[in-house]
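Novice: Handing you this structure, nothing more for now.
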Amino acid sequence: MTTADTLLLRCREAARTHGHEPTAPGAVNSATCEVHAGDRIAITGPSGSGKSTLLRLMADVVRPTAGEISWPGLLRVPARGQVGVVLEVPTLVPALNVAENAALPLVLAGVPKESAHRRALHCLTVVAAAELAHKMPAELSGGQAKHVAIARTLATAPRLILADDPTGDLDRATGRRVMDVLFAAADEAGAALVVTTRDPEVAGRLRKRWAMHEGRLHLSPRPPPPAKEARRAPVLTLTDGEGVSTAQYVVRKLPEVTLAFWIMKIAATTLGETAGDLFAQTLRLGYFLTTIALFLMFVVTLLVQLRAKHYNPFFYWPVIVSTSMVGTTVSDFMNRDASSKYLAKGTTALGWGPQGLGLGYPTGAAILISLLAAIFVAWKFTGQTFVIRDIVTFRGEALFWSAILVSNTLGTSMGDFLSDSSGLGYMGSVLLITGVLLVLVALIRVPFVPNVVLFWIAFVLTRPFGATAGDYLTKPIAKGGLDLGTAGSSAVLLAVLFAFMAYGHFRDRARGGGTHGKIPRAVE
């Protein structure tokens, strides 16, 4: 996995000459440069200055006649998908429709046709061309063909995208939209982006500017953006022609990760703890019956979420709550034995059926950690993204929810261990986990630590935070809790979660996108 400081490409005195004339049109003479992960680079210069030749050298399409080019940050050679190239004139296969063209690199690489088709449709959605999927290349305008070419490049999840004068043959408005989809594609793949251009406006949208003149490459930093540009939305700025960001419109099944997301996650996991205890202990249904009932509730909420066509907070968060509730009772069933140590005062038995396996926290945690690791290994081998806002396939979402269910069960075990057996007590455990979460927040800006890893660690840790916080709210004062009761605490947490879901729902509707938005049309 690349990080922000990963060196993807290095040119050392690279040259490509035509005959014996190092300054002949199109030649490159002694170019030295580096491209890092996350770079956004414009290479400017007049026609014949060598821009396109340099890009072909970077793509390993042609070899240097002097010097060397290497790709130290890439796992495979560029020709096998790590570098994606977008040509000035798209080269779509006339006999294939748009979806088949977008899937072609994957099919040629041996990916099963069904998987390649799903990936192609996702990439077409990212570049706002999903509605073109069944059209033939002859039916497309120049701008639409560029969109499809970018989707085809994105299909292989490149680490470096090279675009050769992508707006040169387009009018200004269409060119802007093509650049929008290039930014969206680079953001989707987490790829560096290098664009050759003669247009100052296009160059001004990239963070770095290099210049070619008579075959020589001159590196120079991009000047500070004007105040108007500094206030613009971040990289994903695909527009529908009316200035509305299609980050709202790209069909997604899972939420954006914001501060509100984490507040809702903590509220949902804490509610899972208090509600699980409410059914199993307060209402005395026991761990066995409660686990069966809550698992059925999880299945129902999950089916609703999986059948949804887009993200809806009223579908997504009930699944999180149900996985937290199931995790609470499954953890208790695995680790406890329904002895008097775990029963409320005056309670001699809990419900019907076996009331615990009595494995204990270490054994239960080892089983859950192994299961969670197996899920992530399977996830890795399927090639699905770990970035939740980019999960749009059924397989990716199934893996996501499997990981959530196991991690919430593991988190409950961790929280109960800290609260019951570590000696820290409820408040001490809450403070400990809060400290760890703050460390993860501080690590976000550390370039060599992948943010996706930090996300998943934080996602798992919010569950023991919820477990210990829930115990702190509900347990008797004599045991270090606030004795607010499982019913009252659950009602308050449910109200908080519902308020945030309603806020997010109506905010998306007010923006005209999000849960009810449509995918904008590709360029006509």
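The values are calculated or read from the model by the stated rules, or taken from the named source; none is laboratory data. Computed from a predicted structure; not experimentally measured. Neighbour counts are summed over all protein chains in view; Cβ atoms, including those assigned to glycine, are modelled from backbone coordinates with ideal geometry. Just so you know, the surface numbers come from the protein's heavy atoms only, side chains and all, with ligands and any DNA or RNA stripped out. Shrake-Rupley method; radii C 1.70, N 1.55, O 1.52, S 1.80 Å.
Novice: Return a yes/no flag: does the range 309-323 have any residue that is among the charged types (D, E, K, R) and either at pLDDT 85 or above or more than 24 Å from the chain's Cα centre (by Cα) (or both).
Specialist: Within the range 309-323 (the criterion being among the charged types (D, E, K, R) and either at pLDDT 85 or above or more than 24 Å from the chain's Cα centre (by Cα) (or both)), the answer is no, since none of the residues qualifies.
Novice: Here's a follow-up. Could you go through the range 423-432 and let me know if any residue there is modelled with pLDDT under 75, small (Gly, Ala, Ser) and either touching a Pro at 6+ places or on another chain (Cβ under 8 Å) or not in a helix (DSSP H, G or I) (or both).
Specialist: yes
Novice: Shifting gears a bit: All but one of (1) in contact with a Ser or Thr (Cβ under 9 Å, 6 or more places away or on another chain); (2) within 30 Å of Arg307 (Cα to Cα); (3) modelled with pLDDT under 75 hold for Arg389; state the number of the condition that does not hold.
Specialist: All conditions pass for Arg389, except number (1).
Novice: Also, I was wondering about something else. Could you run through the range 147-199 and say how many residues are of a type in the set (Val, Ile, Thr) and either in a loop (DSSP other than H, G, I, E, B) or surrounded by fewer than 21 Cβ atoms within 10 Å (Cβ to Cβ) (or both)?
Specialist: Residues flagged as of a type in the set (Val, Ile, Thr) and either in a loop (DSSP other than H, G, I, E, B) or surrounded by fewer than 21 Cβ atoms within 10 Å (Cβ to Cβ) (or both) within the range 147-199 amount to 3.
Novice: Sticking with this structure for a sec: Which of (1) closer than 30 Å to Glu34 by Cβ; (2) out of contact with any Ser or Thr (no Cβ under 6 Å at 6 or more places or on another chain) does His117 not meet, given it meets every other one?
Specialist: Just one mismatch for His117, condition (1).
Novice: Give all pairs with beta carbons closer than 6 Å in which a residue from the range 156-180 that is farther than 19 Å from Gly84 by Cβ meets a residue that is β-branched (Val, Ile, Thr) and open to solvent by 10 Å² or more (accessible area, probe 1.4 Å); count only pairs at least 6 apart in sequence or on separate chains.
Specialist: Sorted first by the residue in the range 156-180, then by its partner, the pairs are Gly175/Thr167.
Novice: Next question. Which one is most open to solvent (accessible area, probe 1.4 Å) among residues in the range 95-118 that are within 26 Å of Thr174 (Cβ to Cβ) and in a helix (DSSP H, G or I)?
Specialist: Looking at residues that are within 26 Å of Thr174 (Cβ to Cβ) and in a helix (DSSP H, G or I), I get Glu100.
Novice: Pick from Val62, Val85: which is closer than 14 Å to Val194 by Cβ, open to solvent by 10 Å² or more (accessible area, probe 1.4 Å) and outside any helix (DSSP H, G or I)?
Specialist: Step by step, each of Val62, Val85 is checked, and only Val85 is closer than 14 Å to Val194 by Cβ, open to solvent by 10 Å² or more (accessible area, probe 1.4 Å) and outside any helix (DSSP H, G or I).
Novice: Scan the range 448-472 for residues that are more than 28 Å from the chain's Cα centre (by Cα) and either open to solvent by 40 Å² or more (accessible area, probe 1.4 Å) or free of Cβ contacts under 8 Å to residues at least 40 places away in the same chain (or both) and report the count.
Specialist: 1
Novice: Tyr287 - would you say it is modelled with pLDDT under 75, part of a helix (DSSP H, G or I) and of a type outside the set (Gly, Ala, Ser)?
Specialist: Spelling it out, Tyr287 is indeed modelled with pLDDT under 75, part of a helix (DSSP H, G or I) and of a type outside the set (Gly, Ala, Ser).
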